[in-house]
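These notes are about the structure you will find just below.
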Amino acid sequence: MKQIYPLFFLLFFLSYLCHSQIREEKTSGFFYKISLATTLTINEDYTVNNDDGETLINPSAFFVNNTIGYQFDKRTSLGLNFEYDYHSQQGLHFFPTYLSLQHNIIADDSNFFVRGGYGSLLGVSKDFEKGNMYKLGIGVQMFDDDFRNSLLIGLDFTRKRFGYKTLEGLSSVSIFLEFMLF
């Protein structure tokens, strides 16, 4: 009878080990996200039959964003964003720091989401404008095979208020590409 106890223990341990090899879908926890985005404008100097190398659409602003956040469930996540924005046509630099909230309207193999954010434009040096900003966006989230990491593609509308008594404003619509590690 005493020899059966180690056998039961071994069988129990092996069944636990086999079950733990199945990787369950992660629906909540901390994540990191890096994003690249650009705002496109139409080139006013473009002609249809040109030989000077002009293109119809030119990038006018570049954004690099780092996000650290927490996903509450399959639908909702909150993030703290640190971003660098450069608007080449205006020659303006911004360093927005803001909170963002993302909600998946359709939570399936690919998520369709809406998101919004609000925060401050930090004057990290004299070249950076101070003020505030908000951001609204829509997009699609596509997962890898494990449903852990994902690629996000979409559009963001951003409004920045800056300058003396934040009287100046700058609005832009950008195309973003993000990679999320979960």
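The values are calculated or read from the model by the stated rules, or taken from the named source; none is laboratory data. Worth saying up front: this structure is predicted, and the values here are computed from it rather than measured. Backbone-built Cβ (ideal geometry, glycine too); neighbour counts: all protein chains shown. Calculation scope for accessible area: heavy atoms of the full protein, side chains included, ligands and nucleic acids excluded. Shrake-Rupley method; radii C 1.70, N 1.55, O 1.52, S 1.80 Å.
Might you let me know whether the stretch 143-157 holds any residue that is in contact (Cβ under 8 Å) with a residue 12 or more places away in the chain, within 16 Å of I34 (Cβ to Cβ) and either assigned to a loop (DSSP other than H, G, I, E, B) or out of contact with any strand residue (DSSP E or B) (no Cβ under 6 Å at 6 or more places or on another chain) (or both)? Checking the stretch 143-157: at least one residue is in contact (Cβ under 8 Å) with a residue 12 or more places away in the chain, within 16 Å of I34 (Cβ to Cβ) and either assigned to a loop (DSSP other than H, G, I, E, B) or out of contact with any strand residue (DSSP E or B) (no Cβ under 6 Å at 6 or more places or on another chain) (or both). Within the stretch 113-131, the set of residues being more than 15 Å from the chain's Cα centre (by Cα) and either closer than 22 Å to G79 by Cβ or not small (G, A, S) (or both) comprises G119, S120, L121, L122, V124, K126, D127, F128, E129, K130, G131. Only a single criterion out of (1) open to solvent by 60 Å² or more (accessible area, probe 1.4 Å); (2) modelled with pLDDT of 95 or more; (3) more than 17 Å from the chain's Cα centre (by Cα) is not satisfied by F94, namely (1). Per the listing T39, T67, the residue uniquely farther than 16 Å from I175 by Cβ and in contact with a strand residue (DSSP E or B) (Cβ under 6 Å, 6 or more places away or on another chain) is T67. Does N66 qualify as being touching a Pro at 6+ places or on another chain (Cβ under 8 Å) and under 25 Å from S28 (Cβ atoms)? No; evaluated as a whole, the condition is false for this residue. Considering only residues of the stretch 97-144 that are open to solvent by 40 Å² or more (accessible area, probe 1.4 Å) and among the β-branched types (V, I, T), which is nearest to G169 (Cα to Cα)? Only one residue fits best here, namely V124.
Is it the case, given these coordinates, that N65 is out of contact with any His (no Cβ under 8 Å at 6 or more places or on another chain), open to solvent by less than 70 Å² (accessible area, probe 1.4 Å) and at pLDDT 95 or above? In short, yes.
Scanning the stretch 97-128 for residues that are part of a loop (DSSP other than H, G, I, E, B) and of a type in the set (G, A, S), we see that the one that is modelled with the lowest pLDDT is A107. Within the stretch 36-54, the set of residues being open to solvent by less than 70 Å² (accessible area, probe 1.4 Å) and either within 24 Å of G116 (Cβ to Cβ) or of a type in the set (S, T, N, Q) (or both) comprises A37, T38, T39, T41, N43, N50.
Taking (1) more than 21 Å from L170 (Cβ to Cβ); (2) open to solvent by less than 20 Å² (accessible area, probe 1.4 Å) in turn, R148 satisfies each apart from (2). Just need a number here: residues in the stretch 158-174 that are touching a residue at least 40 places away in the same chain (Cβ under 8 Å) and open to solvent by 80 Å² or more (accessible area, probe 1.4 Å). So the count comes out to 1. Which residue is farthest from Y32 (Cα to Cα), if the candidates are limited to the stretch 64-96 and must be hydrophobic (A, V, I, L, M, F, W, C) and outside any strand (DSSP E or B)? Here the answer is F95.
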